[in-house]
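For reference, the structure discussed in these notes is given below.
The values are calculated or read from the model by the stated rules, or taken from the named source; none is laboratory data. This is a predicted model, so every value here is computed, not measured. Note: ideal-geometry Cβ built from the backbone for every residue, glycine included; neighbour counts use all protein chains shown. For accessibility, only protein heavy atoms count, side chains too; no ligands or nucleic acids. Shrake-Rupley method; radii C 1.70, N 1.55, O 1.52, S 1.80 Å.
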Amino acid sequence: MIFDHRTYTARPNKLSHFLTLYEEVGLPMQRHYLGEPFGFFQTHIGDLSRTVHLWKYESLADREERRDRMEADPEWQAYRRKVIETDYLLDMRNQILKPVSFFNPGK
């Protein structure tokens, strides 16, 4: 099992705008292709204007297959263009994480 850990940094005072667009347009498509996120958070203390989300996959191949199907969807491509056009985000990063031996994230 692996986790896709994504951190998006929004421009000052734009995180709520990005999250509204994401909740209305992006999240329904991701749920269709990727399933339910393992976690979704925004920073409260520390580096502000950030949202962090975690997606759980059985393997890198599982992640690649699901994300490839999503990336091929014209509606997802239109959403990605909209995110770029709005210029709400400053930075996007992701890491692939593996659970340590004593943590069982369940199924």
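Please go through the stretch 94-107 and pick out each residue that is of a type outside the set (Lys, Arg) and open to solvent by 50 Å² or more (accessible area, probe 1.4 Å). Step through it out loud before you land on a result.
Looking only at the stretch 94-107, we keep the residues that are of a type outside the set (Lys, Arg), and these are 94-97, 99-106.
Passing the criteria: Asn94, Gln95, Ile96, Leu97, Val100, Ser101, Phe102, Phe103, Asn104.
Of (1) within 22 Å of Thr20 (Cα to Cα); (2) within 15 Å of the chain's Cα centre (by Cα), Tyr57 satisfies all except one. Which?
Unmet condition: (1).
Out of all the residues in the stretch 16-35, which are farther than 13 Å from His53 by Cβ and not hydroxyl-bearing (Ser, Thr, Tyr)?
First, the residues of the stretch 16-35 that are farther than 13 Å from His53 by Cβ: 16-17, 20-21, 24-25, 28-29, 32-33.
Across the stretch 16-35, the qualifying residues are His17, Leu21, Glu24, Val25, Pro28, Met29, His32.
Please specify each residue of the stretch 9-42 satisfying the condition of being in a loop (DSSP other than H, G, I, E, B) and free of Cβ contacts under 8 Å to residues at least 60 places away in the same chain.
Pro12, Asn13, Gly35, Glu36, Pro37
For residues in the stretch 68-93 being in a strand (DSSP E or B) and open to solvent by 70 Å² or more (accessible area, probe 1.4 Å), which is farthest from Met1 (Cα to Cα)?
Looking at residues that are in a strand (DSSP E or B) and open to solvent by 70 Å² or more (accessible area, probe 1.4 Å), I get Leu90.
Is one or more of the residues making up the stretch 81-91 in contact (Cβ under 8 Å) with a residue 60 or more places away in the chain, out of contact with any Leu (no Cβ under 8 Å at 6 or more places or on another chain) and of a type in the set (D, E, K, R)?
So in the stretch 81-91, the residues in contact (Cβ under 8 Å) with a residue 60 or more places away in the chain come out as 82-83, 86-91.
Subsequent filtering for residues that are out of contact with any Leu (no Cβ under 8 Å at 6 or more places or on another chain) retains 87, 89-91.
Within this subset, residues satisfying the condition of being of a type in the set (D, E, K, R) are 87, 91.
Yes, some residue in the stretch 81-91 is in contact (Cβ under 8 Å) with a residue 60 or more places away in the chain, out of contact with any Leu (no Cβ under 8 Å at 6 or more places or on another chain) and of a type in the set (D, E, K, R).
Under the condition of being open to solvent by less than 90 Å² (accessible area, probe 1.4 Å) and out of contact with any strand residue (DSSP E or B) (no Cβ under 7 Å at 6 or more places or on another chain), which residue from the stretch 33-51 is nearest to Ala72 (Cα to Cα)?
Restricting to residues being open to solvent by less than 90 Å² (accessible area, probe 1.4 Å) and out of contact with any strand residue (DSSP E or B) (no Cβ under 7 Å at 6 or more places or on another chain), the top hit is Tyr33.
Can you give me the number of residues within the stretch 2-32 that are in contact with a strand residue (DSSP E or B) (Cβ under 9 Å, 6 or more places away or on another chain), among the basic types (Lys, Arg) and closer than 18 Å to Arg66 by Cβ?
1
Quick one: what pairs do we get from the stretch 43-67, first residue at negative phi and part of a loop (DSSP other than H, G, I, E, B), second of a type in the set (A, V, I, L, M) and open to solvent by 50 Å² or more (accessible area, probe 1.4 Å), C-beta under 7 Å, 6+ apart or different chains?
Cβ pairs passing all conditions: Glu58/Met1.
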